[in-house]
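For reference, the structure discussed in these notes is given below.
We did not get these values from a lab; they are worked out from the coordinates using the rules stated. All figures in this text were calculated on a predicted structure; none of them were measured in a lab. We place every Cβ from the backbone using ideal geometry, glycine too, and count neighbours over all the protein chains shown.
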Amino acid sequence: MRNLKLPSLFRQEGLIGGTWVGARSGKTVDVFDPASQEVIGTVPDMGGDDTRAAIEAAEKAYPAWKNRTHAERAALLETWYGLMIEHLEDLALMLTTEQGKPLDEARGEIRYGASFVKWFAEEARRIGGQTIPSPTPDRRIIVLKEPVGVCGIITPWNFPNAMITRKIAPALAAGCTVVVKPSEFTPYSALALGVLAEMAGIPAGVVNIVTGMPKEIGTEIMANTAVRKISFTGSTPVGSLLMRGAADSIKRLSLELGGNAPFIVFDDADIDLAIEGAIISKFRNGGQTCVCANRILVQAGVYDRFAEKLTARVNAMKVGPGTEPGVSIGPMINDAAIAKINRHVEDALAKGAMIVTAKADLPAGTQYTAPIVLTGATTDMQLASEETFGPVAPLFRFETEEEAIAIANGTPFGLAAYFYTESLKRAWRVGEALEFGMVGLNTGLISTEVAPFGGVKQSGLGREGSQLGIEEYLEVKTFHIGGL
Ligand code: ADP
């Protein structure tokens, strides 16, 4: 990869037990730059045997890592954090090159990703326990928190850095060791984190990275009894498959799955604030985030004004390679993403929706799509029930608060929801009525390391970030001391 200040950050091998290796089969997979569709490089296409070796390495490293003091683990995480910040520009460039998002957003992701490492370095020191008043005078009861053990970590392509640190950092802070399988579309950001972990002095085998196509790797992670926990971010079907696969050996699970976020603008909203929120929530990462507004519900009294203002903002957006200055929408991750977006838009148009944005200039290449605003969206359209994962803003018109809540909750998913109102009473009413793990009132931004992140219903299990994030990697041991 060109233009890196530290070229060694670009690794084309997996990391097993402190050694950079290829696949035992010798197979590789190509990784593409979505902006140009040129091959950036290859990574090993690892299989079940490579994954087993990585799990064994994690198992071997586990006792020593677990027995380090919290302060020692915290210090290593702090060093790792410092290296991420020091190499922020390289990491951001690599991220944009393999994932496509605008460089400024990539810088933001590296800062966000690194923030989890710092946060959990701090939390490592606060893993407490409990003493429980004894029911009899000759006994004492103590609750200890212990690491879960070896964790399998499977992550998607939309946040190739942050989705990994959000899992590895609490795992390591708790005393777990990990086998990470990044998305086959964006492995280099993960491998660069491995390089920095080594530089930070995190011992061999604590962080292992296996690359390649998911099936065999996933099968081994699910079947291997040494893996005590799986933490996954990705689609609901794969999450459900992993849950079934984890059932045989009763592994712990954290699942951060798909969403179908409603973004509700009431008549009494601050419209300019709502427009800002909609831009951030809908168009960040080209609309390819699981908390992206998927359905924008606008009350009849402000519908036309909101549509007009949003359209003006979207018309000003520039589409192009993420490395080009001024670009706000980069390429989509692959052809399948473009096909899904086109399918949703065609279906909406056939059912009466209208594109109100101007025709955008698109650069050459098949992975670009124009950001658009659609008016006249209705709940029978595909984009109402499926995540579009693209820069398409469908505006649904509603009349009453009850109607908006019913539409918003009318989905099997429950990750993020947003709403805009200036009324205190409505704020409480709607905030409590929405069946989602995260609700943004008068804000389109809900991701921070300090707050719990996660969903309800088919959007997943468990929470990442915050004080809760580390609990996902801790077991409770109740220690009864008798005969005193
Ligand atoms: P997305 O639509 O975000 O790509 P996926 O659920 O397909 O979501 O992918 C998320 C992660 O899950 C990726 O790392 C992918 O390689 C991995 N994955 C996909 N299928 C499987 C599987 N059968 N077993 C384990 N991991 C899988």
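Apply the Karplus parameterisation 6.51 cos²θ - 1.76 cosθ + 1.60, with θ equal to phi minus 60°, to every residue of segment 230-241 and state each ³J(HN,Hα) to the nearest whole Hz, in sequence, with x for glycine and proline.
10, 10, 10, 10, x, 7, 5, x, 5, x, 5, 4
Zone of Ala336 (label point 7 Å along Cα→Cβ, backbone N under 20 Å): which residues in segment 203-239?
210-222, 232-239
Can you put Phe479, Phe413 in order, fewest other beta carbons within 10 Å first? Please report the intermediate quantities before stating the final value.
On the way: Phe479 11, Phe413 25.
Fewest-to-most ranking of Phe479, Phe413: Phe479, Phe413.
Before rounding to the nearest 500, sum -39500 (n - 2.57) across all DSSP H runs of length at least 4 in the chain and divide by the residue total; then give [θ] at 222 nm in deg cm²/dmol. List each step's numbers first, then the result.
Values: 14 runs with 188 residues, N = 484.
Taken over the chain, the calculation gives -12500 deg cm²/dmol.
Would you mind calculating the relative contact order of the chain from Cα pairs under 8 angstrom and at least 6 residues apart, reporting the percent as a whole number? Show your work: numbers first, answer last.
Numbers: 1151 pairs, mean separation 87.8, N = 484.
Relative contact order of the chain: 18 percent.
Loop-only GluC sites (Glu not before Pro) in segment 22-122, please: DSSP not H, G, I, E or B, and at most 13 other Cβ atoms within 10 Å. Could the numbers behind the result be given before it?
Numbers: sites: Glu38, Glu56, Glu59, Glu72, Glu78, Glu86, Glu89, Glu98, Glu105, Glu109, Glu122; in loops: Glu38.
Filter output for segment 22-122: Glu38.
Over all directions, how big on average is the projection of the convex hull of the alpha-carbon atoms in segment 361-484, in square nanometres? Display every interim value, and only then the final one.
Details: hull surface 54.0 nm².
Orientation-averaged projected area of the Cα hull: 13.5 nm².
Return one number: the angle in degrees, 0 to 90 and rounded to the nearest 10, between the long axis of the Cα atoms of helix 335-350 and the longest principal axis of the Cα atoms of the chain.
For 335-350 against the chain, the angle is about 30 degrees.
Quote to one decimal, in nm, the extra length available between Arg68 and Asp138 on full extension: 0.36 nm per residue of separation minus the C-alpha distance between them. Mind dumping the intermediate values first?
Details: separation 70, 0.36 × 70 = 25.20 nm, distance 3.24 nm.
Extra length available between Arg68 and Asp138 comes to 22.0 nm.
On a 0 to 90° scale, report how tilted helix 103-124 is relative to the longest principal axis of the chain, with both axes built from alpha carbons and the result rounded to the nearest 10.
Relative to the chain, helix 103-124 is tipped by roughly 40 degrees.
Near the amide H of Ala23, under 5 Å away, which other amide H atoms are found, from residues 5 or more places off or on another chain, if H is placed in the peptide plane?
Asp45
Ala316 versus Val456, label points 7 Å from Cα toward the beta carbon: distance in nm?
In this crude label model, Ala316 to Val456 measures out at 3.8 nm.
Test of understanding: ordering Leu415, Leu191, Leu241 by Cβ neighbours within 10 Å, fewest first, what list do you get?
Working: Leu415 28, Leu191 23, Leu241 14.
By the 10 Å Cβ count, ascending: Leu241, Leu191, Leu415.
Could you work out how much longer the chain between Leu441 and Gln130 gets when fully extended? Use 0.36 nm per residue separation minus the Cα distance between them, nm to one decimal.
On the way: separation 311, 0.36 × 311 = 111.96 nm, distance 3.55 nm.
Taking 0.36 nm per residue and subtracting the Cα distance, the gain is 108.4 nm.
Any idea how far the Cα center of segment 80-146 sits from the one of segment 192-264, in Å?
17 Å
If you take the Cα atoms of segment 1-138, find Rg, then find the Kirkwood Rh from the mean of 1/r over all pairs, what is Rg/Rh? Let's see the in-between values first.
Details: Rg = 20.1 Å, Rh = 18.2 Å.
Taking Rg over the Kirkwood Rh, I get 1.11.
Which part of segment 438-481 falls in the paramagnetic zone of Ala427, meaning amide N under 11 Å from the point 7 Å along Cα-to-beta-carbon?
441-443
What do you get for GluC sites (Glu not before Pro) in segment 384-430 restricted to DSSP loop and a cutoff of at most 11 other Cβ within 10 Å of the site's Cβ?
Numbers: sites: Glu386, Glu387, Glu399, Glu401, Glu402, Glu403, Glu422; in loops: Glu386, Glu387, Glu399, Glu422.
Loop-located and lightly packed - Glu399.
For the chain, find the longest principal axis of its Cα atoms and tell me its angle to the long axis of helix 70-86, 0 to 90°, nearest 10.
Rounded to the nearest ten degrees, it is 40.
Which whole-number percent gives the relative contact order of segment 261-441, counting Cα pairs below 8 Å spaced six or more residues apart?
Working: 342 pairs, mean separation 53.1, N = 181.
Normalised by residue count, the contact order of segment 261-441 is 29 percent.
Taking every pair of alpha-carbon atoms in the chain, what share in percent sits in each 20 Å bin, from 0 to the bin with the longest distance?
In whole percents, the pair-distance histogram is 24, 53, 21, 2, 0.
At q = 0.12, 0.13, 0.18 Å⁻¹, what is the base-10 log of I(q)/I(0) for segment 261-441 according to the Debye formula with one equal point scatterer per Cα and no solvent? Please give it to two decimals.
Debye intensities relative to I(0), on a log10 scale: -0.51, -0.60, -1.16.
So, R0 is 35 Å and r is the distance between the beta-carbons of Glu324 and Asp267; what FRET efficiency does that work out to, to 0.05? Present the calculation step by step, with values, prior to reporting the outcome.
On the way: r = 39 Å, r/R0 = 1.13.
It comes out at approximately 0.35.
So what's the gap between the Cα centers of segment 328-364 and segment 268-321, to the nearest angstrom?
15 Å
For segment 230-245, list residues with backbone N below 20 Å from a point placed 7 Å from the Cα of Val29 toward its Cβ?
Only 230-243, 245 pass the distance filter.
What is segment 344-399's relative contact order, in percent, from Cα pairs under 8 angstrom and six or more apart in sequence? List each step's numbers first, then the result.
Values: 74 pairs, mean separation 21.1, N = 56.
Worked out over segment 344-399, it gives 38 percent.
Let's test the formula: R0 of 22 Å, r as the Cβ-Cβ distance of Ser36 and Asp361. What FRET efficiency results, to the nearest 0.05?
0.80
Of Thr51, Thr136, how do they rank once you tally other Cβ atoms within 10 Å and put the fewest first?
Values: Thr51 27, Thr136 8.
So the residues, fewest neighbours to most, are Thr136, Thr51.
Can you tell me what share of the DSSP beta bridges in the chain is antiparallel? A percent to the nearest 5 is fine.
Values: 27 of 66 bridges.
Taking every DSSP beta bridge within the chain, about 40 percent pair in antiparallel fashion.
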